[in-house]
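Values quoted throughout were computed directly from the atomic coordinates according to the rules given, and no laboratory measurement underlies them. The structure presented is a predicted model; accordingly, all values stated were derived computationally and were not measured. We place every Cβ from the backbone using ideal geometry, glycine too, and count neighbours over all the protein chains shown.
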């Protein structure tokens, strides 16, 4: 591990995690002892509770995760309602396409495909009614799986998911792809 303070490293992992993180996972990621991690988690929780902060640390599903505090729900609802009246961003459209073509899919898989944390975008798409939970993965993680809704089909003018355009239709002609590859190779 680097010189980063353990508490800060734990907070960073909690912030970007799409699923609750277990103490054992934190010990592994941080190369720290279980006692050190438990002490820091307790301090993070106390700090968030004692200050007038908008988030809290909760132990849930066998791990730890940061959540917004319930008393701030009216503000979050306003944000969600405001967001529901706006157009979809590029990130939201990209995420929606991934869900549409890969469903059922977990948040962490979407994040892996996009290369960035997609929790906020997934929540927005859920609030807008484009995606919804379909069930849980099998196995020890049992992550929530998402898919598109009937509303998605209506907005996109599709009768069913079989009507989604084939991805090959968006690929450039082979000549263009070869020319791009040659250009990139020459620049390297």
Nearest 10 degrees, 0 to 90: helix 6-16 Cα axis against the chain principal axis: 30 degrees
Answer label for log10 I(q)/I(0) by the Debye sum over Cα atoms at q = 0.13, 0.17, 0.19 Å⁻¹ (calculated), chosen among (1) -0.66, -1.20, -1.53; (2) -0.66, -1.11, -1.36; (3) -0.88, -1.17, -1.30: (3)
Simple spin-label estimate for residue 183 and residue 61 in nanometres, 7 Å along Cα-Cβ: 4.3 nm
Three-way shape label, the stretch 86-174, alpha-carbon gyration tensor, a/c 1.5: rounded
Helix-only CD estimate at 222 nm, as mean residue ellipticity for the chain, using -39500 (n - 2.57) per DSSP H run (n ≥ 4): -16000 deg cm²/dmol
Crossing angle, helix 90-102 versus the chain [Cα axis fit, 0-90 degrees, rounded to tens]: 80 degrees
Segments 52-61, 8-17 sorted - mean Cβ within 10 Å per residue, highest first: 8-17, 52-61
Helix axis angle, 174-187 relative to the chain longest principal axis, alpha carbon, degrees: 50 degrees
Length added when fully stretched, residue 45-residue 33, from 0.36 nm per residue minus Cα-Cα: 2.5 nm
Relative contact order, percent, the chain [alpha-carbon distance under 8 Å, six or more residues apart]: 14 percent
